Amino acid sequence: MNTQQQNLTIEQALGQANAHWNAGQADQAERLCQQVLVQWPGQTDALHLMGLMAHAYGNLDLAIDHLRRACLAPRAPAIYLSNLAEMCRQGGHLADAEIAARRAVAMDNSLVAGWNNLGIILQEAGKLEESLTCLERVVALQPDYAEAHNNLGNTLKRLGRLDEARQGYEQALALAPTYAEGLSNLSNLLNDLGQPDEALAMARRAIDANPRLSDAYINAAAVEVARDRYVEALRWVDGLLVHAPIHVGALGVRATILRRLGRLDEALADARRAVAASPDNGEAQNILGEVLQAQDKADEAMAAFDRAAASIGFAPEKALVNRGILLMEQGDRDGAKAAFDQVLAQFPRSASAWFNLADLHRFTPGDPGIATMEALIRTGGVQSHADRAALHFALGKAWMDAGDPERAFTYLAEGNRQKRATFAYDPDAIDQWIANIIAAFPAALIDRPATAVPGSDLPVFVLGMPRSGTTLIEQILASHPAIAGAGELATLQNLVHQAGGYPALASALIPENEAMLGRHYLDAVTPLAGNHRRLVDKMPSNFLFAGLIHRILPEARIIHVRRDPADTCLSCYTKLFTREQLFSYDQVELARFHRGYERLMEHWRAVLPADRFIEVHYEDVVTDIKAQARRLTDFCGLDWSPACLDFHQTARTIRTASINQARTPLYASSIGRWRAYAPYLGPLLEGLGIDAQAPVAPAAKRGKKPVVAL
């Protein structure tokens, strides 16, 4: 340090330090601040500037330390406390942030930055009404403050007041059209409102305005995830991770995408990286729990959900719902109900809790739960498109329970309409695709000698239409001591995707690559079997690949589950699926898809060998379970086990749309159930070629005794 600098007064040194900092000369600014602190340890202004510099260069912990020390002085300006609050917020120290922000506005009631920071902190802490009051004060004090309108929009969105939130974002963008954060937040809101194309366009605009804005990439990925377009979603997330390799949000979204793709080991690695980067992040803990749950590590998953439930902000609601779903999968209905009741006690507007609770609960006329859900979809209730759709399905189920099908189908029709509006679906293209599959797997290809694949007798594929009884068949088989139930595996679909277009890949099949695909499949699923001789892969949509299965796994067994078409389609139409079932949300399209499925199964029935492919009728299982269970175990090459008859008592994880029915005693009245709702199924029945006025076939009158069925 030169002599001239050493002779500066503290006031002069601070003035020059600020000038150097504003000119981008950080080294000179820091030297002058350190000179001041040598002469006056704890000098407030020098510490504050050192904190700002540390923050600018990414050293948040050092920045917070400098600011804390700066604010120890009795006369520290309110803006210093406000800046400390913001840095504590960024560091995840919300309690400390709130204390500092409240001190700031208490010192200076007109400090716009202080009220703004306090509003954001309270928002993240889940204290939304207080946050709203703060941010409304900010826009009153400074109406042309674009960031404040954006922040107000964020709080309104979290309050569920989406229309008002949109006004906040649009006001922010009217003041600053290239304001990247405002564009990104509006993208997120439009996605919630069920406008994915507009949402993606807004996210792109945000990235153009600020290519390093992390949230914009995450929001773009969220749009694609909501449309089940996982490859596109991964591109957005991977683009962000290039310049932010340990971004907690990006790692979490990537883990979620990989989980949905069935790439669980990769998903777990990303989830653990997210948690390691931010152990107190509740959302990261939720995502870790969801991946562990998918790996059937229930205890570890529950521990992660418990950590998320104890966090600050909005993760606790999701964590409590996740706990309920996990308990439901484990067969603990009472525990699951208690978990969802706990969610609703804390978060009475939780559509996810109501949706899951409705599946566990048997509603009766006058049930207060119905009135509560109906209130949530009225004006002033929940506005998220996904939440509203879920509540409509829950209300449809509730009114069916309560014996009012007209009301039930009013809600179901609207719920299906809302869901159908969120994605593109081309039934003509699906018809052509099914025709292409049939053409690609002629009898000559199926009959061609296959290369032996050691261990290919391990898998048993249970397939068919969703809601046709595939879970029932898996549960019967998995009750056998020699059979493991693996649930709905995405393994085969992933292999097909990696191998090239389907069914075009059929033309390239030769014994060598058939065997290679079979080995890849077995490498992935064999660890799931443990010491069992057979492993059930119960992905219903594998019916599309039955011919391919026989080629790559020549000793594998395929069980096609058939159920009355109208009963199957009714069950699909009344269910909001968590997996991609795009055909099921319109009665005409649903009937058309079922006809295509029947054409394909007719083909497989004709070309696949009888010792590798059988069909089981759901109705036969319901009315004579013992005979059908023996038939199934014989087909699997196993000795009979009476445990198969007590399948509903088998303790195992069940993760399908039939999760609750799998353990619930029902009656054979599930056969022909559609007839009670025929007046509301006109387009579906017409599409299926069913005359609702035709006499009931004798088979539909079988089985008056109580049974356990799906």
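Projected label points at Asp624 and Ala375, each 7 Å from Cα along the beta carbon direction, are separated by 5.3 nanometres.
Given the -39500 (n - 2.57) contribution per DSSP H run of 4+ residues, what per-residue ellipticity at 222 nm results for the chain, rounded to the nearest 500 deg cm²/dmol? List each step's numbers first, then the result.
Numbers: 36 runs with 440 residues, N = 710.
Using -39500 (n - 2.57) per qualifying helix, the result is -19500 deg cm²/dmol.
Between Arg235 and Ala421, the simple label model (points 7 Å from Cα in the Cβ direction) yields a spacing of 2.8 nm. Name the aspartates and glutamates eligible as straight-distance cross-link partners of Lys626: C-alpha to C-alpha under 17 Å, and not fewer than 8 places from it in the same chain. Filter leaves Glu474, Glu615, Asp634, Asp639, Asp646. Modelled spin labels at Gln25 and Leu62, positioned 7 Å past Cα toward Cβ, are 2.1 nm from each other.
Place the peptides 251-257, 76-82 in order of packing, highest mean first, counting for every residue the other Cβ atoms within 10 Å and averaging per peptide.
Working: 251-257: 26.3, 76-82: 21.0.
The peptides rank, most packed first, as 251-257, 76-82.
Going by neighbour counts of Cβ atoms within 10 Å, the residues Ser507, Ser641, Ser468, Ser350 line up, fewest first, as Ser507, Ser641, Ser350, Ser468.
Enumerate the aspartates and glutamates that Lys127 could reach by cross-link, defined here as Cα to Cα under 16 Å, with residues fewer than 8 away along the same chain left out. Hits, sequence-local ones excluded: Asp96, Glu98, Glu136, Glu317.
With 0.36 nm allotted per residue and the present C-alpha distance subtracted, the Trp40-Val588 stretch has 189.3 nm of extension available. Normalised Debye scattering of the chain at q = 0.06, 0.07 Å⁻¹ gives log10 I(q)/I(0) of -0.44, -0.57, counting only Cα atoms as equal scatterers and leaving out solvent. Shown in residue order for the stretch 573-581 are the 3J(HN,Hα) couplings computed by the Karplus curve 6.51 cos²θ - 1.76 cosθ + 1.60 at θ = phi - 60°: 5, 8, 10, 8, 7, 8, 9, 6, 9 Hz (x for Gly and Pro).
Readers should treat all values here as calculations from the given coordinates under stated rules, not as data from a laboratory. From a predicted model like this one, the values you see are computed outputs, not experimental measurements. Neighbour counts are summed over all protein chains in view; Cβ atoms, including those assigned to glycine, are modelled from backbone coordinates with ideal geometry.
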